[in-house]
Structure formats: C-alpha cells, structure tokens
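J.: So that we are looking at the same thing, I have put the structure below in structure tokens.
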Amino acid sequence: MLEGPDLIVAALDADVEVEALYVDRRALDDATVVSLCDRASSAGVRVFSLDEGVVAKVATAQHPQPVVASVHFVVADLAQLPTTGLVLVLDNVRDPGNVGTIIRSADAAGTSAVVLTGDCVDPFNPKALRASAGSIFHVPLAVTSLEATLSHFARWGVRSYATVPRDAPSFRQADLTRGCLVVIGNESAGLDEATRARCDAAITIEMVGRSESLNAGVAASLIAFEALHQRRGTTDG
C-alpha cells in the first residue's frame, strides 16, 4: 500500500501496476488529488471515493494522507540482477528508515541493485517506502538469503566486500568500478565473523571521532557515491 500522492505518482511514472486508488471524499476538491485521480482513471486504475475517516484508519503515517493506493510490485530473482556495477547487500538491517534511505541513495548514485538478506525489515514497510521517496520503483530489488546471494555472484566472478568498523583497508582503496558486492550489516551487531570470512575482502570507512560506527544508511550511501565517483574517474566529494 502506498500512502500519499508523491509515492503514487512515482509508481505510475515507473509503470508499476496500480490496482486501485482510495480517496477520502473530502479531498476531492484538492487540485493535486483530482489530477491524480484523473491520471489513474486514464490508466485504467479503479478509483474509490471513501467516507470521511476511512482512509485515515488504514494509513500508518502520523498525519495521514487523503489518498492511498494498492499496487502489485514484483521483486527480482537473483538471476535477473546485473553482475556489473555495485550491488548493495543489506544483511539483517532492521530499521525501515535505513532501508528506505539506502534504496534512495542507491538510485541517486546509479547502483546496479539492492539485495535484502536475513532478518531485514520488509522493504514495503510504510516507513521504508516513504524514506525511499519513490526510488524503490527505480532500483532492481531482491529479497533472499545471504548464502544464496554470495554464491550466485561468486559464480559470475563478482568480488564481495564485507563492511567492518575498523582494521580493514579504506573503502576508497577498493575497486568499485567493476562488478562488486558490498555487504552492510545490522545496525547494532554489524556482520558476524562467518559472513566476513565468506566475503573476498573487508573494507571500512575511516573515522576520526569517538563514534564506534556509522549509521547503516550513511555508510551505504557513502559507498554508493564513492562507486559513482570511481566510475566517473573523479575523487572529489
């Protein structure tokens, strides 16, 4: 379920299958909502006008939007994912804001795909959807196990990197221009020793302050944009 005009428009722009639109009838005098309803109807989407308060009961935001939509979105299989460029693997990342932020940054930086493994939060969690700002419709996304992911990409010769908080080469020294996986671990526990051992190498983001580690969303975003800069042959910001 998508909440609010912005996410619904992003889905329509990406040709995602929108099954139905549900509108609080009080919003039918709002130009933005009316325009969205007209566009949805033209695309063959069913539009339902609901009594006051009904939409708010199914919405999850603190300040509910007057329009929601149900969509049919299919995640990719591993075999459908690119084996070139950067693939971000989120293992046991449980904060929906982090997952949405990472997907948004992956989209902005031209990341090839995002894979969710282990006990990750549902990428279609309402908070994750909002944090992705519609980018979830633009980045190939798979949900599977870490074992299957590492094995699949290893067969294609794709190098894998485990992210660790310290005692590893800088992520800037890794060659992120060719096909590679970067595995981001759980917000509090990071990656376990077995996962680090399964990867080809470890990388870290250097820190000079007293913080023990970076937020998962920040770390993944820095790596995604470092890969973009390397592909463009630049080293600045």
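The values are calculated or read from the model by the stated rules, or taken from the named source; none is laboratory data. Everything quoted here is computed from the prediction, not taken from an experiment. Counting neighbours? That spans all protein chains shown, and the Cβs are built from the backbone with ideal geometry, glycine included.
J.: Does any residue of the range 71-88 turn out to be under 11 Å from the mean Cα position of the chain (by Cα), assigned by TED's automatic domain parsing to the domain that holds ARG196 and free of Cβ contacts under 8 Å to residues at least 40 places away in the same chain?
T.: The answer is no, given that none of the residues of the range 71-88 is under 11 Å from the mean Cα position of the chain (by Cα), assigned by TED's automatic domain parsing to the domain that holds ARG196 and free of Cβ contacts under 8 Å to residues at least 40 places away in the same chain.
J.: I've got another one for you. Among the residues that make up the range 205-215, is at least one of them over 20 Å from LEU2 (Cβ atoms), more than 13 Å from the chain's Cα centre (by Cα), of a type outside the set (D, E, K, R) and outside any loop (DSSP other than H, G, I, E, B)?
T.: No; the residues of the range 205-215 include none that is over 20 Å from LEU2 (Cβ atoms), more than 13 Å from the chain's Cα centre (by Cα), of a type outside the set (D, E, K, R) and outside any loop (DSSP other than H, G, I, E, B).
J.: Name every residue in the range 175-190 that is over 9 Å from ALA227 (Cα atoms), free of Cβ contacts under 8 Å to residues at least 60 places away in the same chain and either among the basic types (Lys, Arg) or assigned to a loop (DSSP other than H, G, I, E, B) (or both), in order of residue number.
T.: SER188
J.: Within the range 192-215, can you find the residues that are more than 24 Å from THR84 (Cβ to Cβ) and among the aliphatic types (A, V, I, L, M)?
T.: ALA194, ALA197, MET207, VAL208, LEU214
Quick grid of which residues meet (1) more than 23 Å from ALA133 (Cα to Cα); (2) hydrophobic (A, V, I, L, M, F, W, C); (3) surrounded by 12 or more Cβ atoms within 10 Å (Cβ to Cβ):
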site	(1), (2), (3)
CYS37	no, yes, yes
GLY44	yes, no, no
LYS57	no, no, no
PRO66	no, no, yes
SER70	no, no, yes
VAL74	no, yes, no
VAL87	no, yes, yes
ASP95	no, no, yes
VAL99	no, yes, yes
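J.: Within the range 177-215, which residues are touching a Ser or Thr at 6+ places or on another chain (Cβ under 6 Å) and either within 13 Å of LEU90 (Cα to Cα) or of a type in the set (Phe, Trp, Tyr) (or both)?
T.: Result: LEU181, ILE184.
J.: Please indicate, with yes or no, whether at least one residue in the range 192-201 is touching a Leu at 6+ places or on another chain (Cβ under 7 Å) and either of a type in the set (D, E, K, R) or surrounded by fewer than 20 Cβ atoms within 10 Å (Cβ to Cβ) (or both).
T.: Yes, the range 192-201 has at least one match.
J.: Would you say VAL18 is within 23 Å of SER132 (Cβ to Cβ), assigned by TED's automatic domain parsing to the domain that holds ALA142 and not in a loop (DSSP other than H, G, I, E, B)?
T.: It is false that VAL18 is within 23 Å of SER132 (Cβ to Cβ), assigned by TED's automatic domain parsing to the domain that holds ALA142 and not in a loop (DSSP other than H, G, I, E, B).
J.: What residue, among those in the range 119-164 that are in a strand (DSSP E or B) and of a type outside the set (Val, Ile, Thr), is surrounded by the fewest Cβ atoms within 10 Å (Cβ to Cβ)?
T.: Top of the filtered list is ARG159.
J.: Please state which one of ASP167, ASP107, ASP175 is modelled with pLDDT of 90 or more and surrounded by fewer than 16 Cβ atoms within 10 Å (Cβ to Cβ).
T.: ASP175
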